[in-house]
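*Asks:* If you scroll down you'll find the structure; I have some questions about it.
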Amino acid sequence: MKNIDEILKYFPANIYNLLNNTISQNKEIEENLQEIRIRSKKPIILKLRQADIVIEYNVEQTEILQILERLCNNSIYAYRNQICDGFITIKGGHRVGITGTAVIENEKVINLKYVTSLNFRIAREVLNCSNKILGQIIDIENNNIYTTLIVSPPGKGKTTMLRDLIRNISNGIPSLNFKGKTCCIVDERGEIGAIYQGVPQNDVGMRTDIIENISKSKGMKMLIRSMAPEVIACDEIGSKEDVEAIRRGYLIRCKRNIYNASAKL
């Protein structure tokens with residue numbers, strides 16, 4: 001129950017006991033739990049892969065505030081930027097979505113007050129889940145990888161798949177005679193490597209470097225300049241700036257490949 005224990009510690013005693021009793025009594029819940037949804041004046045809902053479990057408990061607004069304070073290590077102000085983005089990433093790579101009354105200034109969210117809902121999305125490491133698609137990602141003939149985009153609806157395992165792909169590419173794959181590559185991750189939301197006090201909580205391979213809590217545009221630029229990556233990976237492409245950052249990184253890679261080919265000639 002490692003993943004679950006990392007999350008339950010943030011809840012007040014009443015909610016903790018309810019959740020712990022419900023989850024610990026049913027192995028299927030523990031194995032299939034994807035989200036814990038907490039809403040003011042509403043019951044608690046456990047979202048599984050194929051069903052929801054409703055726990056009849058009227059969540060108080062004060063309890064939501066207690067949870068938020070624990071998520072922020074009793075310093076909500078220090079986490080204001082994350083809160084304004086609508087989520088906080090915690091140890092283990094779990095993401096907590098936040099909704100409430102947005103405070104807008106110059107067309108930007110500068111704060112969320114009267115927080116009304118929290119959504120704990122549970123991150124899971126699934127080693128070797130990418131094995132079946134490695135043949136579509138790897139250019140075995142040239143010991144390289146193809147430029148790849150993973151697309152699916154929310155909650156279908158894109159980040160889990162990406163994380164395992166990076167691990168395989170970084171470590172190398174003896175069965176395919178594929179040598180490991182120097183990989184760099186721009187982990188904008190801290191969900192891929194899940195760094196905690198300088199140590200990645202997830203296995204992303206032995207040749208992988210991570211920069212966290214930075215935009216893809218800035219992160220890619222820093223990594224290309226300083227870490228000489230052969231592969232760059234990122235998660236959740238959602239803006240024009242993200243697309244432009246990837247395009248620039250691809251063009252730089254192409255230029256380097258042309259230079260290397262010319263040097264060999």
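*Asks:* Round to a whole angstrom and tell me the spacing of the C-alpha centers of the range 33-55 and the range 137-176.
*Replies:* Each part reduced to its Cα centre gives a spacing of 32 Å.
*Asks:* Moving on to the next point. Report the normalised scattering of the range 131-264 as log10 I(q)/I(0) at q = 0.17, 0.20, 0.21 Å⁻¹, calculated by the Debye formula with identical scatterers on the alpha carbons.
*Replies:* Those come out to -0.96, -1.34, -1.46, one per q.
*Asks:* If the cut-off is 19 Å between C-alpha atoms, which lysines fall inside it for K42, apart from same-chain ones fewer than 8 positions away?
*Replies:* Partners within reach: K113.
*Asks:* Let me have the relative contact order for the chain, percent, based on Cα pairs under 8 Å that are six or more residues apart. Mind showing how you got there, number by number?
*Replies:* On the way: 409 pairs, mean separation 32.8, N = 265.
RCO, the chain: 12 percent.
*Asks:* Note the count of lysine pairs whose C-alpha atoms are less than 26 angstrom apart in the range 131-264, limited to pairs 8 or more residues apart or on different chains.
*Replies:* The result is 28.
*Asks:* Something else: Per DSSP H run of n ≥ 4, the term is -39500 (n - 2.57); total these for the chain, divide by its residue number, and report the mean residue ellipticity at 222 nm rounded to 500 deg cm²/dmol. Could the numbers behind the result be given before it?
*Replies:* Numbers: 9 runs with 95 residues, N = 265.
Theoretical 222 nm ellipticity from helices: -10500 deg cm²/dmol.
*Asks:* I need C72, C183 ordered by Cβ neighbour count within 10 Å, fewest first. Write down the numbers at each step before the final one.
*Replies:* On the way: C72 17, C183 26.
By the 10 Å Cβ count, ascending, the order reads C72, C183.
*Asks:* Report, ordered by chain and residue number, the lysines lying within cross-link reach of K91, taken as a straight Cα distance under 16 Å and ignoring same-chain residues fewer than 8 apart.
*Replies:* K2, K9
*Asks:* Quick one: Y146, Y16, fewest Cβ neighbours within 10 Å first, how do they rank? Walk me through the intermediate numbers first.
*Replies:* Numbers: Y146 9, Y16 13.
With the fewest neighbours first, Y146, Y16 line up as Y146, Y16.
*Asks:* Fewest first, what order do M161, M206, M222 take by the number of other Cβ atoms within 10 Å? Mind showing how you got there, number by number?
*Replies:* Values: M161 17, M206 11, M222 14.
Ranking M161, M206, M222 by Cβ neighbours within 10 Å, fewest first, gives M206, M222, M161.
*Asks:* Whole-Hz Karplus ³J(HN,Hα) for the range 44-51, in order, using 6.51 cos²θ - 1.76 cosθ + 1.60 and θ = phi - 60°, x for Gly and Pro?
*Replies:* Karplus values, whole Hz, x for Gly and Pro: 8, 10, 9, 9, 9, 5, 10, 7.
*Asks:* In addition: For the range 2-121, count the residues as N, evaluate 2.2 N^0.38 Å, and divide the Cα radius of gyration by that value, please. Write down the numbers at each step before the final one.
*Replies:* Details: Rg = 14.5 Å, N = 120, 2.2 N^0.38 = 13.6 Å.
Cα-based Rg divided by the globular estimate yields 1.07.
*Asks:* Further, regarding this structure: How big is the charge dipole of the chain about its Cα centre, in debye rounded to the nearest 20, if each Lys and Arg gets +1 on its Cβ and each Asp and Glu gets -1 on its Cβ? List each step's numbers first, then the result.
*Replies:* Details: 37 positive and 30 negative charges, 147 e Å.
In debye, rounded to 20, the chain gives about 700.
*Asks:* Relative to the Cα centre, what is the charge dipole magnitude of the range 93-212, using +1 at the beta carbon of each Lys and Arg, -1 at the beta carbon of each Asp and Glu, and rounding to the nearest 20 debye?
*Replies:* Numbers: 14 positive and 12 negative charges, 65 e Å.
Magnitude of the dipole: close to 320 debye.
*Asks:* How far is it, in nm, from the label point at E241 to the one at N14 when both lie 7 Å from their Cα along the line to the Cβ?
*Replies:* In this crude label model, E241 to N14 measures out at 4.1 nm.
*Asks:* Using a simple charge model, +1 on the beta-carbon of Lys and Arg, -1 on the beta-carbon of Asp and Glu, nothing else, what dipole does the range 1-136 show about its Cα centre, in debye to the nearest 20?
*Replies:* On the way: 18 positive and 15 negative charges, 36 e Å.
Charge dipole, the range 1-136, about its Cα centre: 180 debye, nearest 20.
Values quoted throughout were computed directly from the atomic coordinates according to the rules given, and no laboratory measurement underlies them. As the structure is a computational prediction, the values presented were derived from the model and not from experiment. Heads up, the Cβs are rebuilt from the backbone with ideal geometry, glycines too, and the neighbour counts pull from every protein chain shown.
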